[in-house]
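The values are calculated or read from the model by the stated rules, or taken from the named source; none is laboratory data. Predicted model, so just to flag it, every value in this text is computed and none were measured. Counting neighbours? That spans all protein chains shown, and the Cβs are built from the backbone with ideal geometry, glycine included.
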Amino acid sequence: MLTIYGHPISSYTWKVLTALYENGTPFEFITVDQNSYADFIAKWPMGKFPILLDSDRGAMVTETAVIIEYLDHYYPGRTRFIPADFDTALEVRRWDRVCDHLNTTMSKVVVNNIRPDSQRDPYGVEEAKCVVRGMYAVIEAQLGSREFLVGNDFSLADCAAAPALWYATRNVPLDGAFPRIVGYLEHLKARPSFARAVKESEPLFHMYPGA
Ligand SMILES: N[C@@H](CCC(=O)N[C@@H](CS)C(=O)NCC(=O)O)C(=O)O
């Protein structure tokens, strides 16, 4: 049995949910909240979610990129997240890292929105927005005429890109400068796996002004 500890509106949780929904992989979901936090933090004191527990293999897996590689290896389905070709796989991992960097940088902007006024960090937010715009430029160039971020197939890199771009573009507008990202994001939003992760979190959007 696979168990995910995560949160329905967490962008990194969406990344793993997208991979699970791609292949219809069965799992149970435990929301990290006041009720489950002590249990979660005892398992992973670093406190970053989601994490995956696999009771059949006695494994705990952390870090979303590694969780998705783990699923690809031990619970493979129709969609493969890591290409067999080494060079393409390296590119997939590289763009996964870029998109996670976008995700973490973007969250500085989103989290600032829910801080008390006295705790806000306008300088840090402007700095983060500048980095996000630079990332838009590299993603725009990488997309070219591609349907997906790397090669011709949906991969780990797209699982990472979907939530990162979904949240980032709400908080740092594309301002008409990145048309390929617009098209790519629409394509990702129409993908049933990602659409389902977003849809399920809708009742909680009020918790997060950046959503
Ligand atoms: N590198 C980690 C990042 C995970 C991450 O930052 N998750 C956020 C939720 S979207 C989190 O745990 N935030 C709570 C915190 O930082 O205390 C991964 O890929 O799993």
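Anything in segment 43-93 that is part of a strand (DSSP E or B) and of a type in the set (Asp, Glu)? List them, or say none.
Within segment 43-93, just Asp54 meets the criteria.
Thr104 satisfies every condition listed in (1) farther than 27 Å from Pro76 by Cα; (2) of a type in the set (Ser, Thr, Tyr); (3) modelled with pLDDT of 95 or more; (4) away from the ligand (no atom under 14 Å from the Cβ) except (4). Met60 meets each of the listed conditions (1) within 22 Å of Val198 (Cβ to Cβ); (2) in contact with a Leu (Cβ under 6 Å, 6 or more places away or on another chain) apart from (1). Considering (1) touching a residue at least 40 places away in the same chain (Cβ under 8 Å); (2) β-branched (Val, Ile, Thr); (3) more than 10 Å from the ligand (Cβ to nearest atom), say which one Ile30 fails and leave the rest. So Ile30 meets the others, but not (1).
Met135 falls short on exactly one of the conditions (1) touching a residue at least 40 places away in the same chain (Cβ under 8 Å); (2) over 30 Å from Met1 (Cα atoms); (3) crowded, with 19+ Cβ neighbours inside 10 Å, and that condition is (1). Filtered by the rule that a residue be closer than 14 Å to Tyr21 by Cβ and surrounded by 24 or more Cβ atoms within 10 Å (Cβ to Cβ), segment 155-196 gives Asp158, Cys159, Ala162, Pro163, Phe194. Residues in segment 47-60 that are of a type in the set (A, V, I, L, M) and within 17 Å of Ala160 (Cα to Cα): Ile51, Leu52.
When you check Val92 against the structure, is it assigned by TED's automatic domain parsing to the domain that holds Leu165, within 19 Å of the chain's Cα centre (by Cα), surrounded by 16 or more Cβ atoms within 10 Å (Cβ to Cβ) and touching a residue at least 24 places away in the same chain (Cβ under 8 Å), yes or no? Answer is yes for this residue. Whenever a residue of segment 48-65 is near the ligand (Cβ under 7 Å from one of its atoms), its partners that are in a loop (DSSP other than H, G, I, E, B), lying with C-beta atoms within less than 6 angstrom and at least six residues away or across chains, give the pairs Phe49/Val32; Thr62/Trp44.
Taking the criterion of being out of contact with any Leu (no Cβ under 8 Å at 6 or more places or on another chain) and modelled with pLDDT of 95 or more, the residues of segment 129-145 that qualify are Lys129, Cys130, Val131, Arg133, Gly134, Ala137, Val138, Glu140, Ala141. Just one of the listed residues (Tyr5, Tyr12) is within 14 Å of the ligand (Cβ to nearest atom), outside any loop (DSSP other than H, G, I, E, B), more than 19 Å from Arg93 (Cα to Cα) and of a type in the set (Phe, Trp, Tyr), and it is Tyr5.
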